[in-house]
Amino acid sequence: MGIVSFSPFGYEGTLVTVEVDLRRGIPAVDIVGLADGTIKESRERMRAAIVNSGFDFPLERVLINLSPAGLRKEGAGFDLAVALAVLAAKTSGPDDTVLVMGELELSGKVRSVRGIHAAAATAAQTGLHITRCIVPAGNAAEAREVPGMKVCGASDLTEAFAALLHPELCTEGGETDDHGQVPEGSVDIGGVLFPAVGADMDFADINGQKELIRGLQIAAAGGHNVLAFGAPGCGKTLALQRFPSLLPLLTTGQAQPVTRIYSLAGILPPSSRLIRTAPFRMPHQTASIEGICGGGPWCRPGEISLAHNGVLFLDEAAEFKTSVLQMLRVPLETGAITLSRAGQSTVYPADFQLLMATNPCPCGNFGSRTKICLCSARSVEMYWKKFSGPLLDRIDIRIHVDAAPTSGQSDRIASGILRQGIAAAVAVQRNRLGKKNARLTVEEMKQYCTLSRQGKAVLDKAAAAFNFSARGTASCLKLARTIADMETCENIGTAHVEEAVFYRRLSGGLDMDV
């Protein structure tokens, strides 16, 4: 009988074999294999838990080896695996390998730990033929989301040992249906599932921001990055905070890596199933590079990975450190980030959609039709230099937001209406390539973003007039493709190109003539 546990370093992590050898000598417990202080302390927790659960602790000298020996290991998740390995040292059981994770209390109770979903997924994918796991009862739900894995949720050491000897106590999980286990109240629009919308998240409350709302609709439909800038109090933050109501639920394939990341971060809600709602992360302006990109001794995920397959919203973006903003450039392009620590490296997925809201200048009134800007040209220029040209070039949609009317019902539209166009575009994209238009490669654009002669003339003229880079021109093509998909048009029309140019043409807040 083999027992393995899991060391959660980075996104991949490593399976760790727990071996026990009983030999003659003065009774003692030794743990080898580059274990940290928490694991070494498990000797005492494990001994007390075994005795208090009614088992006899071996009177021999106990040697516990955590293999591979050259890998540093940390955390209390090894407690249960070590205890079961000691109990099984003199017991014959099924001839298979079992994944075991959990922290022990002195009474023998099993506490929840982080990384259970990641551990079960890694075990299921390895060549060791691991088909069952014993985990804390509070983590059983997330382990059951891994297809092909039989799970036993143990509340104490007695239950865990019984499950180790009797495989039939482990029940099979694994969700394979995209429409299974969706959040309550979800809405199906044209075969695309959306979460329920509360009154506090509905766009129906936003008045007089037609261009902003239309831009957000296009962004949600194609996964495009957005920069909204305008005077304080114009409503840009209010609108962007309601953006999650426009995002469809994640498919099972999209939800698996998101759930894995949240499990590794230790922020998966108790008894949680797959995360089907698209993540929406909104870090504070004081966030450090490590907080945004990830890091630390064990390479924990950062905000851009926690926003994978979802949205990273930077409110008051100009107040973030310049180094933090510039760090976003590579992940925006590649959809992943590589972290290296102490001779080890890991690659986290970071395919996020970036939303930024900012004032157009330090005083906030530059470009306003009703207020006077008191900033010098130099201060405005320095203000926008925080973003840099390469970062702004990766923003597909730029929207200048002016003050909205304080009364009336002009240009109000509910989230339910906006979702119809988004659902049409999402359905087309899933059937076409299974990816968002914002992620189309050059070769894919040549095949799916072809223009008529008139449409090409419009785009060429705009590129010359607004000094678009090659990336900017490609961005217009992707936006036009998304707008056409929202109208279920196979071909991109001239009107689609013109609207795409409108949302792309504002550059760095310096062109405010809208």
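The values are calculated or read from the model by the stated rules, or taken from the named source; none is laboratory data. As the structure is a computational prediction, the values presented were derived from the model and not from experiment. Glycine also receives a Cβ, built like all others from the backbone with ideal geometry; neighbour counts cover every protein chain displayed. What goes into the accessible areas is simple: the full protein's heavy atoms, side chains included, and nothing from ligands, DNA or RNA. Shrake-Rupley method; radii C 1.70, N 1.55, O 1.52, S 1.80 Å.
List of remarks:
- Test for Thr126: is it closer than 20 Å to Arg260 by Cα, surrounded by fewer than 24 Cβ atoms within 10 Å (Cβ to Cβ) and within 24 Å of the chain's Cα centre (by Cα): yes
- Helices (runs of 4 or more DSSP H) (entirely within the stretch 390-505) containing at least 3 residues that are open to solvent by less than 60 Å² (accessible area, probe 1.4 Å) and farther than 24 Å from Pro248 by Cα: 453-465, 470-486, 494-504
- For the stretch 442-494, the set of residues classified as in contact (Cβ under 8 Å) with a residue 24 or more places away in the chain, among the charged types (D, E, K, R) and either touching a strand residue (DSSP E or B) at 6+ places or on another chain (Cβ under 9 Å) or under 20 Å from Glu333 (Cβ atoms) (or both) consists of Arg471, Lys478, Arg481, listed by residue number.
- Test: residue in the stretch 109-131 that is on the phi < 0 side of the Ramachandran plot, touching a residue at least 12 places away in the same chain (Cβ under 8 Å) and in contact with a His (Cβ under 8 Å, 6 or more places away or on another chain): no
- Candidate set: the stretch 373-389, residues that are open to solvent by less than 30 Å² (accessible area, probe 1.4 Å) and in a loop (DSSP other than H, G, I, E, B); chosen: the one farthest from Ala317 (Cα to Cα): Ser388
- Residues of the stretch 299-324 classified as assigned to a loop (DSSP other than H, G, I, E, B), surrounded by fewer than 19 Cβ atoms within 10 Å (Cβ to Cβ) and in contact with a strand residue (DSSP E or B) (Cβ under 9 Å, 6 or more places away or on another chain), total: 1
- Phe6, sole failed condition from (1) among the aromatic types (Phe, Trp, Tyr); (2) in contact (Cβ under 8 Å) with a residue 40 or more places away in the chain; (3) open to solvent by 10 Å² or more (accessible area, probe 1.4 Å): (3)
- Count of the stretch 278-297 residues, restricted to those that are surrounded by fewer than 20 Cβ atoms within 10 Å (Cβ to Cβ) and in a loop (DSSP other than H, G, I, E, B), is 8.
- Extreme residue, most open to solvent (accessible area, probe 1.4 Å), among residues of the stretch 344-372 that are farther than 17 Å from Ala318 by Cα and among the hydrophobic types (A, V, I, L, M, F, W, C): Ile372
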